[in-house]
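Written out below as structure tokens is the structure these notes cover.
The values are calculated or read from the model by the stated rules, or taken from the named source; none is laboratory data. Not measured: the values here are computed from a predicted model. As a convention, Cβ positions derive from the backbone with ideal geometry for all residues, glycine included, and neighbour counts pool all protein chains shown. What goes into the accessible areas is simple: the full protein's heavy atoms, side chains included, and nothing from ligands, DNA or RNA. Shrake-Rupley method; radii C 1.70, N 1.55, O 1.52, S 1.80 Å.
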Amino acid sequence: MNVGRALLVSALFMFLSMVVSVLNGMDSAFGPLAISFIITFIFGAFPFIFVRQSPAISVRDGFLIIVLSWLLSFIFGMLPYVLWGGEFSLVNAWFESVSGYTTTGSTILTDIERLPKSLLFWRSSTHFIGGLGVVVFLLLVLPTASPFRFKLTNIEQSSLSREGYRYRSMSTVYVMVSVYVGISLLTGISLVLAGMSPFDAVNHAFSIVSTGGFSTRNLSISYYDSLPINIIVTFFMLLSSLHYGLIFAVFATRSLRPLTQSPVIRYYLGSIVAATVLIAISLRLYGGYDGWSSSITDSFFQVCSYVTTTGFGMSDNAGWPFSSGIIILFMALQCGCSGSTSGGLKADRVYIVLKAVIRQVRTSLHPSSVTQIKAGRHYISDRDAVAVLLYMILYFAVIIVGIFLLVLCGVDILSAVSGAVSSMGNVGPGLGSIGSLGTFAYQPAAAKIIYSIGMILGRLEIYPVLVVFTMMFKRDK
């Protein structure tokens, strides 16, 4: 029944896409959207009619709900693409659907502007749905007294993310949704005031708040060639990649102290500044840029785009120096903060590992000293630090396997490495032919499947998928 609710959320946005089609003179996507809506609505409503509601939901059931909610959303989300046709073969439609719901933003399209507006709206809607996760929408409708509500929140969010929310699980959901909707509205209004059309503003607001990256234009943000739009997009990309609990605390306390006092936020913003400076120097000296202004502007936007996992493009980084590409890849590995819609390892985990390394160096220099890992005013236990390190090892292991499989599929090494990192981090673009203004259209079909698996593992943070597979092959409970 809970999985059915996830499908009904997708059906709702399919219906809204149909409304967009009607407002645009019944464009060519109305039929595919209408059929998709009917099918998705029927399958979503089916459990409410024929399945008896369980009085209690176990943690085992919770993992299954999470994985099934995502997988079925991917499958039903590809229906409008398949039925519309064009560039959307079965594999391409699956890739685009997974990329949308996981807020990765990679695309197989070579001519985005050829799509009817209603299909563009549906494409952006998958970002909006996936931004907080189908599971968060489920939490809003689960019975208030259900003990599963807290368990499901624990599964969906990382432990680092949960530490920042000093609320009960239901309050956590409303904090996330309030910030999410608030950023969406502010972004859309700001873009309209900056000169973007209302339709484009809504679509880009969906992409920005979810740190997704789907655009309505082939040239992404560079199409508008507008400094105010660039500033607005950059600001809200960064805002969406910060911890939602801290953003909520800023408005609740009417003070910036929750952000300025967070050591993770300081590290995160500092890493962005450092990466921007290094890339700007590289572009100015070796990238063919004539002035410091353009090199700093382009590097700052691209760093923010990759580290927030939004993936918008303001310039084509396919011709950037190799050193700039290495820095971009690191930012695509680290990404934003826990408790946000961004993907990747998360700045929190990278910060904790760096602190653990520093602690180990100090212990080696002073063996008799007793030191603990400290983040601001909080101490981090060795158990938590080991858990973070193990997750990072598993994360890199998945990337290495992905690179190996992509090379076997005939993908060039630059696309394989950057594509595997980008997919796991839900970043979107990679380097070279799949760079900031590139497309995955010319990648082999098998490679697109591998990329999509990476997107799913990255979005679900690996463990829920492993748990479900373990349950499938293990007989005992």
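Considering only residues in segment 365-385 that are part of a loop (DSSP other than H, G, I, E, B) and among the β-branched types (Val, Ile, Thr), the one that is most open to solvent (accessible area, probe 1.4 Å) turns out to be Val370. Of the residues making up segment 186-202, those that are small (Gly, Ala, Ser) and more than 17 Å from Leu227 (Cβ to Cβ) are Gly188, Ser197.
Residue by residue through segment 17-39, note down the ones that are part of a helix (DSSP H, G or I) and surrounded by 15 or more Cβ atoms within 10 Å (Cβ to Cβ). Result: Ser17, Met18, Val20, Ser21, Phe30, Gly31, Pro32, Leu33, Ala34, Ser36, Phe37, Ile39.
When Met176, Met196 are checked against the criterion of being outside any helix (DSSP H, G or I) and either aliphatic (A, V, I, L, M) or in contact with a Pro (Cβ under 7 Å, 6 or more places away or on another chain) (or both), Met196 stands alone in meeting it. For segment 286-322, residues that are in contact (Cβ under 8 Å) with a residue 24 or more places away in the chain and over 20 Å from Pro429 (Cα atoms) total 2. Within segment 386-398, track down each residue that is farther than 25 Å from Thr260 by Cβ and open to solvent by less than 90 Å² (accessible area, probe 1.4 Å). Val386, Ala387, Leu389, Tyr391, Met392, Leu394, Tyr395, Phe396, Ala397, Val398 - these are the residues of segment 386-398 that are farther than 25 Å from Thr260 by Cβ and open to solvent by less than 90 Å² (accessible area, probe 1.4 Å). Residues of segment 242-262 being in a helix (DSSP H, G or I), more than 24 Å from Ser210 (Cα to Cα) and either modelled with pLDDT of 90 or more or under 27 Å from the mean Cα position of the chain (by Cα) (or both), which ones? Listed by number, the list holds a single entry, Arg257. Would a scan of segment 349-359 turn up a residue that is open to solvent by 60 Å² or more (accessible area, probe 1.4 Å), in contact with a strand residue (DSSP E or B) (Cβ under 9 Å, 6 or more places away or on another chain) and part of a helix (DSSP H, G or I)? There is at least one residue in segment 349-359 that is open to solvent by 60 Å² or more (accessible area, probe 1.4 Å), in contact with a strand residue (DSSP E or B) (Cβ under 9 Å, 6 or more places away or on another chain) and part of a helix (DSSP H, G or I). On the stretch given as segment 419-445, residues that are open to solvent by less than 10 Å² (accessible area, probe 1.4 Å) and in contact with a Cys (Cβ under 6 Å, 6 or more places away or on another chain) total 1.
Within segment 250-263, residues that are small (Gly, Ala, Ser) reach partners that are open to solvent by 30 Å² or more (accessible area, probe 1.4 Å) with beta carbons closer than 8 Å, at six or more positions or on different chains, in the pairs Ser262/Leu246; Ser262/Gly376.
Going by the conditions given, is Phe235 part of a helix (DSSP H, G or I), within 15 Å of Thr308 (Cβ to Cβ), open to solvent by 30 Å² or more (accessible area, probe 1.4 Å) and at pLDDT 90 or above? Even if it seems obvious, please write down each step before you answer.
Working: part of a helix (DSSP H, G or I): yes; within 15 Å of Thr308 (Cβ to Cβ): yes; open to solvent by 30 Å² or more (accessible area, probe 1.4 Å): yes; at pLDDT 90 or above: yes.
Yes.
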